[in-house]
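Since the structure comes first, as structure tokens, the remarks are kept for the end.
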Amino acid sequence: MARSTKILFPLVALGLLSGLAAGCSDDPAAPADSGVPGTDGGGPVDTGAPPVDSGPGNTYDYVINRLLLDEGAEPGVTTRAFYGFNLDGRNSPSRTASQQAADCSHGDYFSTVDPDQNMGTCAAGSAGGGTACQGGVDNQLPNVAQTIMQFQASLNVQNTLNEQVDEGKFLIVVRLSGVNGTLGPALNDPSVQVSVYPYAYAAFANCANIQMANQMYQIDNRSLTTPGDLNSARLQFQGSIVNGRLRVNPPAANPTMPNFSIPLSLMGMTLNLNLFQTQLRVTPGETDGLNGNLGGYLRQTDLIDALTTIPALMQFRDAAGPLIQGFVDIATGTPTASCDAPQGGIGVGLGFTTKRATILPTTVATAPSGVCGGSTGSDAGAPRD
């Protein structure tokens, strides 16, 4: 893998992957966007003008019920599409000789769920998406996972992500509101509201029900700015629906500011990692949400700082820099963008699916007992990490 270095503390990176579980899986695919570059996915082009909406609309609640991490591969070799987005506006070639400094020695992957991230026509089944394809997806997370598993033979990262959701230990609930029209491929709505609740609990005992639609969930007050007020979600985004597909893009006014925070539980501490240029897309339905796609990037300096605040890892700060540098695939910084520390970002892409959910009107301040993923006897009343 280009620019990768020897893994010095694989368990740390495993914790990162678990914390990044903010999206889901390879369930039967919904129709993909038909977009091409410059046309905003075949739907209405964003002109920057304030969107015109027709009223309060409908509200749909979903819980993320499956996470999907791509298998690691080199972009010019793999015949598989990847999750994630074109975060740097570049379509980096796979051949090193053709790359420029801003490509950070990493080629880009192609997407099939969101084809407007590519140049040309891309199709799964051919190396690199075919000769007419140049992908733009920035996503080094799969290669991080692959490198970890090379040193930890008993570890399967995908299974770890599945267990976190299936056991109710990492549940994210999403509320889609202000939807004017009927969900489906013909729906176009220029303005919808997306609220994300990263701390949520099942309101039922049987964890198998997470894979069922219309189950009840309760929101932890840590997801809110005002305890008890579901309308005060800390993570709120403006989005649109284009040809039936929900799109949430980075706020245009602050493109260089973090717009998503991931709570990472690691070695007894909870770290908040900031994603920049976070984008999210999913095809919402009456019972499911399919072809979910989450992408953003981590600043390498933020990641190093977060990991080395853990007492057991402070001694590895000097080693952490070269390790993280090997996965940088996005040039960042002003006035001159660079791939090298202290600048440079690591592209993150995850797939996800959702199930329709019911959010209870009452919130909780501590982990409830007797429910899937909740507290038991000795830890009753303790907040979820």
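Among G285, G295, which is the only one that is buried (at least 16 other Cβ atoms within 10 Å of the Cβ) and modelled with pLDDT of 95 or more?
Answer to the check: G285.
Taking into account only those residues within region 125-159 that are among the hydrophobic types (A, V, I, L, M, F, W, C) and part of a helix (DSSP H, G or I), which is modelled with the highest pLDDT?
For region 125-159, the residue satisfying everything is A127.
Of everything in region 340-362, what is assigned to a loop (DSSP other than H, G, I, E, B) and surrounded by 23 or more Cβ atoms within 10 Å (Cβ to Cβ)? Give them in sequence order.
Matches in region 340-362: G344 only.
Is at least one residue of region 365-373 under 30 Å from V192 (Cβ atoms), open to solvent by less than 20 Å² (accessible area, probe 1.4 Å) and touching a helix residue (DSSP H, G or I) at 6+ places or on another chain (Cβ under 7 Å)?
Yes, because at least one residue in region 365-373 is under 30 Å from V192 (Cβ atoms), open to solvent by less than 20 Å² (accessible area, probe 1.4 Å) and touching a helix residue (DSSP H, G or I) at 6+ places or on another chain (Cβ under 7 Å).
Among the residues of region 316-339, write down those that are surrounded by 15 or more Cβ atoms within 10 Å (Cβ to Cβ), among the β-branched types (V, I, T) and farther than 30 Å from G289 by Cβ.
I324, V328, T332
Residues being closer than 25 Å to T287 by Cβ and free of Cβ contacts under 8 Å to residues at least 12 places away in the same chain: count how many of those fall in region 354-377.
Summing the residues that are closer than 25 Å to T287 by Cβ and free of Cβ contacts under 8 Å to residues at least 12 places away in the same chain in region 354-377 gives 0.
For region 54-75, how many residues are modelled with pLDDT under 95, closer than 28 Å to A200 by Cβ and surrounded by 14 or more Cβ atoms within 10 Å (Cβ to Cβ)?
6
Please go through (1) surrounded by fewer than 17 Cβ atoms within 10 Å (Cβ to Cβ); (2) assigned to a strand (DSSP E or B) for T226 and return the number of the only condition it doesn't satisfy.
(2)
Kindly list, by first and then second residue, each pair from a residue in region 96-124 that is without any contact (Cβ under 8 Å) to a residue 40 or more places away in the chain to a residue that is open to solvent by 60 Å² or more (accessible area, probe 1.4 Å) and not acidic (D, E), limited to pairs with Cβ atoms under 6 Å and residues at least 6 apart or on different chains.
Between residues of region 96-124 that are without any contact (Cβ under 8 Å) to a residue 40 or more places away in the chain and residues that are open to solvent by 60 Å² or more (accessible area, probe 1.4 Å) and not acidic (D, E), the close pairs are G120/A132; T121/A132.
In the list N162, N91, which residue meets the criterion of being under 30 Å from Q238 (Cα atoms), open to solvent by 20 Å² or more (accessible area, probe 1.4 Å), outside any loop (DSSP other than H, G, I, E, B) and of a type in the set (S, T, N, Q)?
On the way: N91 fails: outside any loop (DSSP other than H, G, I, E, B).
Only one candidate passes the filter, namely N162.
Consider only pairs whose beta carbons are under 6 Å apart and that are at least six residues apart or on different chains; among these, list those whose first residue lies in region 315-330 and is β-branched (V, I, T) and whose second residue is open to solvent by 30 Å² or more (accessible area, probe 1.4 Å).
Note: pairs meeting the criteria are I330/D88.
If T256 satisfies every condition in (1) open to solvent by 40 Å² or more (accessible area, probe 1.4 Å); (2) closer than 16 Å to G374 by Cβ; (3) among the β-branched types (V, I, T) but one, which is the exception?
(2)
Just one of the numbered conditions (1) in contact (Cβ under 8 Å) with a residue 40 or more places away in the chain; (2) surrounded by fewer than 24 Cβ atoms within 10 Å (Cβ to Cβ) is not true of G130; which one?
(1)
Regarding region 319-330, can at least one residue be identified that is of a type in the set (F, W, Y) and either closer than 18 Å to R90 by Cβ or at pLDDT 90 or above (or both)?
Within region 319-330, one or more residues are of a type in the set (F, W, Y) and either closer than 18 Å to R90 by Cβ or at pLDDT 90 or above (or both).
Residue check: is R80 of a type outside the set (V, I, T), more than 22 Å from I304 (Cβ to Cβ), open to solvent by 60 Å² or more (accessible area, probe 1.4 Å) and at pLDDT 50 or above?
Yes; evaluated as a whole, the condition is true for this residue.
How many of the residues in region 229-253 are surrounded by fewer than 18 Cβ atoms within 10 Å (Cβ to Cβ) and touching a Ser or Thr at 6+ places or on another chain (Cβ under 6 Å)?
Counting residues in region 229-253 that are surrounded by fewer than 18 Cβ atoms within 10 Å (Cβ to Cβ) and touching a Ser or Thr at 6+ places or on another chain (Cβ under 6 Å) gives 3.
Report, by residue number, each residue of region 165-179 that is open to solvent by less than 40 Å² (accessible area, probe 1.4 Å) and either over 15 Å from R356 (Cβ atoms) or at pLDDT 95 or above (or both).
Across region 165-179, the qualifying residues are V165, G168, F170, V173, V174, L176, S177, G178, V179.
The values are calculated or read from the model by the stated rules, or taken from the named source; none is laboratory data. The structure displayed is predicted, hence computed values, not measured ones. Heads up, the Cβs are rebuilt from the backbone with ideal geometry, glycines too, and the neighbour counts pull from every protein chain shown. We work out accessible area using only protein heavy atoms, side chains counted, and drop any ligands, DNA or RNA first. Shrake-Rupley method; radii C 1.70, N 1.55, O 1.52, S 1.80 Å.
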